[in-house]
Amino acid sequence: MYRNAAVAVGLVLMAAMLRLLFLDELGSSYPFVIFYPAVLLAGLYGGLSAGLPATVFSAVLTCYLWVDPRRPLPPAYAGLGKDDCFPCLGDSYFSYH
């Protein structure tokens, strides 16, 4: 179980580094775009025990680094927008895996 969570965190950190190095010009538009493959790969590797930590960690990391206003915890925006579906999609995929 801990190995699955470690793989999930590693994949999310790799995705965050890719975003910082190559996709930082996107700014706060499409903040979750690079994390979909990381969450998917984590879920395929370890099922729910890797997919759920990857989903939660990537959502928190993205809200902290790329969602405006940057660096508030908890997120200061409250509304149903395009970014609110990311945790739901990740969790719904892994509940059927």
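I'd like to know if segment 28-35 contains one or more residues that are crowded, with 21+ Cβ neighbours inside 10 Å and either part of a helix (DSSP H, G or I) or without any contact (Cβ under 8 Å) to a residue 24 or more places away in the chain (or both).
There is at least one residue in segment 28-35 that is crowded, with 21+ Cβ neighbours inside 10 Å and either part of a helix (DSSP H, G or I) or without any contact (Cβ under 8 Å) to a residue 24 or more places away in the chain (or both).
Among residues belonging to segment 1-27 that are crowded, with 17+ Cβ neighbours inside 10 Å and not aliphatic (A, V, I, L, M), point out the one that is nearest to residue 61 (Cα to Cα).
19
If I go through segment 43-60 residue by residue, how many of them are of a type outside the set (Phe, Trp, Tyr) and either under 10 Å from residue 12 (Cβ atoms) or at pLDDT 95 or above (or both)?
Qualifying residue count for the region: 7.
The values are calculated or read from the model by the stated rules, or taken from the named source; none is laboratory data. Values in this document were obtained by computation on a predicted structure and should not be read as measured data. Positions of Cβ are generated from backbone atoms using ideal geometry, with glycine treated the same way; all protein chains shown enter the neighbour counts.
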